[in-house]
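Student: Would you mind keeping the following structure in view while I ask a few things?
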Amino acid sequence: MDPVAVLRAARAVRDELDSLMGGASAELRDRLDPLLAEAGSRPPGQLADAIVMLIAQYGPAWNRLSALLNLEHGLAAAQAVPVPTDTGPQDLGGAGYGSGYHDPPPTGAMSLDWMRPDQAPPSETPRAPSPQAPPAPPAGSRGSSMLGRLTGAFRRRRGDSPAPAPESEWEGIPLIEAPTESVSGWGTEVSIGVAPGRGQDGGAAPREPVELDIQLVAEGFDAPGGWQVRLRVDAASPYPRATVSLVALAQQEPEVARQIQAICSVRGQVVGFGLRSITLHGSPGRLGREEPPEPVAGTRIRPALVGEPADVTVAIVHGDEPGRLWWTYRSPHFVTPDRAELCDLGMRASEFGRQLTGQGRLSEELGRKVGSRVPRGFWELLNAVAGRVAPRRPSVLILSQEPHVPWELAVLEHPYDPSLPRYLNCQAVTGRWPLGGRRPELPPPVSARADHVAVVYDEAQAHPLVTEYGATQVSSALGDVLGVLGQGPDVVHLTAGGSAAEALGRDLAGAPFVFLEEPGDAQAFLLAGASGVVEPLWPVGGGLAREFYRRCLSGEPPAEVLRSMRAQAPDSAGAYRFHGHPSLTLRRTPPPAE
C-alpha cells in the first residue's frame with residue numbers, strides 16, 4: 001500500500017476529527033499534527049507506519065482511516081488490522097499497543113482493534129519460512145512496512161472463548177538445531193520445530209491440526225527474516241520444522257557464550273520451552289573446537305492440555321549477562337510483536353529481589369521500583385487488553401526463569417480502578433509459574449482437586465481446617481509429614497517450615513495445591529509437582545487462610561480471591577504471592593445425596 005495514500009487519508013481524518021470524536025479530538029490532533037509536519041523530512045514508509053500506529057489507538061479515527069484506504073485499495077474497514085512486527089537486533093524496546101507505563105492513556109482512546117491470532121484467514125495465516133533461509137534485506141532496507149503487513153481478520157467478539165483444544169496423545173519436545181560455534185558477523189541457520197518426545201517413534205499425530213507458534217530469543221543476534229514462525233502440526237506433518245536465519249552481531253570479547261531460546265505457544269498459551277547454547281568467536285581463527293551439541297533443555301510440548309489462556313502472558317528469560325532479562329508477550333486478544341524486549345536490572349535478579357522483599361513491608365515506593373524496571377511494551381499491551389476485556393479485570397500469567405523479583409507488586413501509574421491499590425496484583429488477576437526446565441510442565445493446570453486436605457500444625461488444639469473441612473492434621477515432624485504425604489492429599493497447608501517443607505520438596509504425587517503461612521521456597525514445591533502455591537514474601541502472621549479456603553472451596557479461583565483480599569488489606573494480604581494459572585480453581589466433590 002502506498003505511504004502517500006496513508007498521508008492523504010490521515011490528513012482527511014485530521015480535518016474530520018471534530019465530527020468523529022467530538023471533545024476527545026484535541027488530543028489526537030495534538031499528536032497527529034507533528035507527524036504530518038514531518039512529511040518530506042522523514043522516510044515515507046517509516047512516517048506512514050508511525051501514523052498508522054497512532055491512529056489505531058483511537059477507534060472512530062481508525063475506522064475512518066480504514067474506510068478511506070479501502071476506497072483506493074479495496075481493504076475493508078473491518079479487516080484493516082495492524083500487525084506489529086520488528087525484526088531488528090534484540091537490544092531495544094518493542095512495539096507499541098497504546099499508552100505505556102510513563103504516559104497516561106489517551107482521553108477517549110479506544111482499545112486497539114488488532115487481529116486475533118487464531119482468526120486470521122487460512123490463506124493469510126503467517127506460516128513458517130521454507131527450509132531455505134530467508135534472504136537478508138538489502139543494505140539500508142527496513143523490511144516490509146507496516147502497510148505491507150496489514151492483513152484481514154474479523155474482530156473477536158467480546159466474551160467469546162477459544163475452542164477447547166482437541167484431545168490428543170501427541171506430544172513433542174522443542175527442536176533447536178544449530179552449530180555449537182559461530183563467528184561475529186556470520187550468518188547462522190537454525191532449524192526450529194518439534195521432535196518426538198521420549199518413548200515416541202515419530203508416528204504419532206494430533207487428532208486435529210494444531211497451529212504452533214515458535215518465538216526465538218537470542219541475545220547478540222539479528223534475525224533478518226523475523227524471530228517467529230508458525231508451524232502446522234497435523235497427520236501429514238506431525239513433527240514439523242523450519243529454518244530461521246540468524247546473524248551474529250559484533251562483539252568486543254574474543255569469545256562469548258550465547259543462548260538460543262525457543263518459546264512455543266498455541267492460541268496465546270505457552271505450551272513448551274527449549275534452550276540451546278552456542279559459542280560466538282570474534283574471529284574465524286578461533287574456530288575448530290566444535291563439540292557434539294548437548295540435548296535441548298526445556299519443557300515438552302503438549303497442546304492437548306491447552307485451555308483458556310490468560311489475557312496477557314509474559315515469558316521472562318535470562319540474557320547472557322546477570323541482571324539482563326528478555327520479555328516476550330502473548331495474548332488471545334492481539335497479535336503481539338515477535339521481538340523480545342530488554343529489561344536490565346543493573347544487578348543480579350536475586351540481589352534486586354532481596355533488596356525489595358528484605359524491607360518486610362509493602363509500599364508504593366517498592367512498587368514504583370519494580371514498575372520502573374518493567375518494559376514499556378508490557379504496560380502498553382496490558383492497557384490495550386484491559387480496554388478490550390472491560391469491565392472484567394484482565395488476567396496476567398508471568399512465566400519467568402528468575403523467581404526473585406516480585407513483578408506482581410509493580411505500581412500502575414494510571415490504574416484501571418482508582419478505588420483499589422495501584423499494585424498490579426490488585427488491579428489484575430495475576431499468577432506466576434517457573435519457566436525453563438523439564439518441570440514444572442506447561443501450561444499450568446487450570447483445575448485441581450481439593451477433597452483431601454492435610455494441615456501441618458504443631459498446636460494441641462484442632463486447626464480450623466480440621467473442624468470445617470475434615471482436614472487431616474499432623475505435626476511438623478518429618479515422619480508425620482511423610483506419612484500424610486503417602487496418603488496423596490489434594491491440598492497441603494503448612495503453618496510452619498522446617499522438616500515439613502524439606503519433605504514436601506522431595507516429591508508431590510497427585511499435584512496437590514500448597515499453602516505456606518511462612519516464607520518458603522515455592523519454586524521447590526512447583527518443581528516437585530504442585531498444581532499451585534500460595535506463599536508470603538515476608539512474615540505477616542496468620543489470619544488469611546480461613547477466608548481464603550471458604551471462598552476457594554466455593555468455586556472462586558485462588559488468584560481472584562487473593563487479588564480481592566489484597567485490595568481490602570494490602571498491608572497483610574499484599575505480601576502473599578500466587579504461583580499458578582490465574583484461572584486455576586479447586587474442585588471439591590459434593591457429598592452424596594441422602
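Just so it is clear, none of the values below were taken in a lab; they were calculated from the coordinates. No experiment lies behind these values; they were computed from the predicted model shown. A quick note on method: Cβ atoms are made from the backbone with ideal geometry, for glycine too, and the neighbour counts reach across all protein chains shown.
Student: For Arg546, what is the net charge nearby, where nearby means another residue's Cβ is under 14 Å from its Cβ and Lys, Arg count +1, Asp, Glu -1?
Tutor: -1
Student: Using R₀ = 30 Å, calculate the FRET efficiency as 1/(1 + (r/R₀)^6) where r is the Cβ-Cβ separation of Glu459 and Ala569; round to 0.05. Please list the in-between numbers first.
Tutor: Numbers: r = 24 Å, r/R0 = 0.80.
In this case the efficiency is close to 0.80.
Student: While we're here: For segment 402-423 and segment 321-363, what is the separation of their C-alpha centers, rounded to whole Å?
Tutor: 13
Student: To continue, here is another question. Could you give the length gained on full extension between His414 and Ala204, defined as 0.36 nm per residue of separation minus the Cα-Cα distance, in nm?
Tutor: Taking His414 through Ala204 to full extension adds about 70.7 nm, to one decimal.
Student: May I pose another question? Residues of segment 523-551 with the amide nitrogen closer than 16 Å to a label point 7 Å from the Cα of Arg587, along Cα-to-Cβ, please.
Tutor: Answer for this model: 531-532.
Student: Same structure, new question: Go through segment 538-547 residue by residue and turn each phi into a ³J(HN,Hα) via Karplus (6.51, -1.76, 1.60, θ = phi - 60°); whole Hz please, and just put x for glycine and proline.
Tutor: Once θ is set to phi - 60°, the couplings for segment 538-547 become 8, x, 9, x, x, x, 8, 4, 4, 5 Hz.
Student: Multiply the residue gap between Val466 and Ala390 by 0.36 nm, knock off their C-alpha separation, and tell me the result in nm, one decimal place. List each step's numbers first, then the result.
Tutor: Numbers: separation 76, 0.36 × 76 = 27.36 nm, distance 3.96 nm.
Result: 23.4 nm gained on full extension.
Student: Would you mind getting me the FRET efficiency between Asp2 and Asp234? Use the beta-carbon distance for r and R0 = 41 Å, nearest 0.05.
Tutor: Rounded to the nearest 0.05, the efficiency is 0.60.
Student: Can you give the local net charge around Phe352? Use residues other than it whose beta-carbon is closer than 11 angstrom to its beta-carbon, Lys and Arg +1, Asp and Glu -1.
Tutor: Numbers: positive: Arg348, Arg354, Lys369, Arg373; negative: Asp344, Glu351, Glu402.
Local net charge: +1.
Student: How would you order 254-261, 383-390 from highest to lowest mean count of nearby Cβ atoms within 10 Å?
Tutor: Listed from highest to lowest mean packing, they are 383-390, 254-261.
Student: Can you list the residues, at least 5 places off or on another chain, whose amide H is less than 5 Å from the amide H of Val455, using H built in the peptide plane?
Tutor: Those qualifying (amide H under 5 Å, at least 5 residues apart or on another chain) are Thr472, Gln473, Val474, His493.
Student: I want to make sure I understand the PRE zone here: with the label point 7 angstrom from the Cα of Arg354 toward its beta carbon, which residues in segment 382-403 have backbone N atoms less than 19 Å away?
Tutor: So the set is 402-403.
Student: Turning to a different aspect of this structure: At what distance in nm do the modelled label points of Ser277 and Glu441 sit from each other, each positioned 7 Å from its Cα along Cα→Cβ?
Tutor: Here the answer is 2.9 nm between the modelled labels.
Student: Still on this structure: Please give the contour-minus-distance gain from Gln251 to Ala39: 0.36 nm per residue of separation, less the Cα-Cα distance, rounded to one decimal in nm.
Tutor: 72.6 nm
Student: How big is the charge dipole of segment 173-312 about its Cα centre, in debye rounded to the nearest 20, if each Lys and Arg gets +1 on its Cβ and each Asp and Glu gets -1 on its Cβ? Write out the running numbers ahead of the final one.
Tutor: Values: 12 positive and 17 negative charges, 60 e Å.
For segment 173-312, the charge dipole is close to 280 debye.
Student: May I pose another question? Count the net charge of all other residues whose Cβ sits under 9 Å from the Cβ of Arg432, scoring Lys and Arg as +1 and Asp and Glu as -1.
Tutor: 0
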